[in-house]
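The values are calculated or read from the model by the stated rules, or taken from the named source; none is laboratory data. Small disclaimer: the values here were computed from a predicted structure and weren't measured. A quick note on method: Cβ atoms are made from the backbone with ideal geometry, for glycine too, and the neighbour counts reach across all protein chains shown. The protein model used for the area step is the full one, side chains on, heavy atoms only, and it has no ligands, DNA or RNA in it. Shrake-Rupley method; radii C 1.70, N 1.55, O 1.52, S 1.80 Å.
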Amino acid sequence: MVSMSESHVIMKRHAVFIPYPAQGHVTPMLKLAKLLNAAHNFHVSFVHTLHNHHRILRSHGPSGVSGIPSFRFHFISDGLPPAENPNATQDIPTLCNSVNQTGANAFRDLLSNLNSAGDAPPVSCVVADAAMAFAVDVAEELGLPVVRFWTASACGLLGYAQYECLIQKGIIPLSDSSCLTNGYLDKVVEGIPSMEGITLKHLPSFIRTTDINDFMLNYLLQRVRTISASRCPLIFNTFDTLDDSVLQTLAAAKITQAPVFTIGPLSLHPTKTNEPVHSKIRPNLLPDDPFCLPWLDTKPPNSIIYINYGSITTLTPDQVMEFAKGLVNSMQSFLWVIRPDLVGSVKPGSVALKIQELVDRTQGRGMIASWCDQEKVLAHPSVGGFLTHCGWNSTIEALSHGVPMVCWPFFAEQMTNCWFCCKKWGVGAEIGEVTMEEVERVVRMVMEGDKGKEMKRKAGEWKKLAEDATMNPNGSSCLNFDMLVNHLIGT
Ligand code: UDP
């Protein structure tokens, strides 16, 4: 077995990372890649798609895609024509379909080119996103050690694993679209260990279809089947104390039969990935707004509610205005990240102008940005709450920094993450229908009320447990990390 301290004696290995081409997948895989490079001397080849390669070039210039000598970026095609909006995440179902149809050949060619280029050690292992199933097949075909990284939550995987049974029971697909509004989704789903009392509404959202052939429903059914049948180990960006019960349920139900490495929260591992050499390797596909952190520095501790819906969520113009009015009426100070493509199908300028007018009237209480370094924002002492869409990265980052959440899940397993935050982990309160009254009510509850204080206390407890898992050499995530390294070097 190799421990962190012995790692410098390992001969240089070459790990190829291939994330699904969306921010929420790139970020955790890049964190893991940096850790393997910094702490375990792996040469890393990190594979983007051409679409994202261009986004990074536009956001960060050539340095964003050049990497460092022991950490190089490469790209393959996603098989799609140039996107209508070259700065946004592509349509998810189209991308899932295309990349999995075309990826195997492109990936095989890339591995062959990496080996023949002669400027790096031969490829010795692959870390493949679970959404890039073809990459596991290619690695196995070539006899390379490979691990699958499920970048979403463990509870999300358990949620997706219910689809098969819900179809058998005739609960999904929905009989007609009125089920979306007539209370049907409030039905409690019985018999899921670790999720007692969960409703259909809080299971991953691809059940909200009347079509048994719905692409995303079937795509996720297939992902779960592949994982259950595979002997390839699985990585989760979580820690054992947080997800103990879910992990046990996954194993007992034989959804995970191969070794599971819970190595998170990835950003808390105390290695040298923040040194200047690694800070050149940035995960974000969009440039950070440089004004956020200096603005937060001027604010008292725990006084700011930070609002960010991640990289994919879109809002209607009405929703964004209700959020704006609710935030302003809550009388809280806020940092609100509004991505250029957040409000779909309208000219960004028109809504932005209306919001800016509202924010201007708050006399410095509100700040709008287009993108930020979220981990630094969440770690800032002035941030006392996080209004989030409950993407898994945002959720685990909030837990890592002890920040309670106002939850507004948008799609996929975000619904399940929200339920766990609110019902199991004691760190979240959910916004129902987006009205200004509801936004104001929940924001005030989290930022001012006794319930908010209790959530803050609970979030602080999770933060300590997360630190213990990652920073203590005998912590579960640390030990699992060493086991992962051993798997990748083939011992
Ligand atoms: N993120 C960021 N700045 C932003 C918005 C998001 O750095 O302004 C990062 C965030 O820290 C997280 C990732 O982007 O690591 C988003 O992933 P998540 O799973 O939360 O949501 P998704 O974008 O996949 O919906």
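Taking the criterion of being modelled with pLDDT of 90 or more, over 20 Å from PRO21 (Cβ atoms) and not hydrophobic (A, V, I, L, M, F, W, C), the residues of segment 62-76 that qualify are PRO69, SER70.
What number of residues within segment 443-467 are in a helix (DSSP H, G or I) and either over 30 Å from THR271 (Cβ atoms) or at pLDDT below 95 (or both)?
12
As a summary of the residue check, MET447 satisfies the conditions (1) in contact with a Pro (Cβ under 6 Å, 6 or more places away or on another chain); (2) buried (at least 18 other Cβ atoms within 10 Å of the Cβ) except for the one numbered (1).
Filtering ASN97, ASN105 for residues that are open to solvent by 60 Å² or more (accessible area, probe 1.4 Å), assigned to a helix (DSSP H, G or I) and either of a type in the set (Gly, Ala, Ser) or within 18 Å of MET216 (Cα to Cα) (or both) leaves a single hit, ASN97. Looking only at segment 372-390, residues that are open to solvent by 10 Å² or more (accessible area, probe 1.4 Å) and near the ligand (Cβ under 9 Å from one of its atoms) come to 5 in all. Of the set (1) open to solvent by 60 Å² or more (accessible area, probe 1.4 Å); (2) at negative phi, all apply to GLN363 but (2). Mind checking whether some residue in segment 266-274 is at pLDDT 95 or above, out of contact with any Asp or Glu (no Cβ under 7 Å at 6 or more places or on another chain) and of a type outside the set (S, T, N, Q)? Scanning segment 266-274, I find at least one residue that is at pLDDT 95 or above, out of contact with any Asp or Glu (no Cβ under 7 Å at 6 or more places or on another chain) and of a type outside the set (S, T, N, Q), so the answer is yes. Give me a count of the residues in segment 154-174 that are open to solvent by 20 Å² or more (accessible area, probe 1.4 Å) and either assigned to a helix (DSSP H, G or I) or free of Cβ contacts under 8 Å to residues at least 40 places away in the same chain (or both). Of the residues in segment 154-174, 7 are open to solvent by 20 Å² or more (accessible area, probe 1.4 Å) and either assigned to a helix (DSSP H, G or I) or free of Cβ contacts under 8 Å to residues at least 40 places away in the same chain (or both).
The residue of segment 279-298 that is farthest from the chain's Cα centre (by Cα), among those that are open to solvent by 90 Å² or more (accessible area, probe 1.4 Å) and closer than 18 Å to SER333 by Cα, is THR298.
Confirm whether VAL189 is in contact (Cβ under 8 Å) with a residue 60 or more places away in the chain and either surrounded by 17 or more Cβ atoms within 10 Å (Cβ to Cβ) or touching a helix residue (DSSP H, G or I) at 6+ places or on another chain (Cβ under 7 Å) (or both). Here the answer is no, as VAL189 does not meet what is asked.
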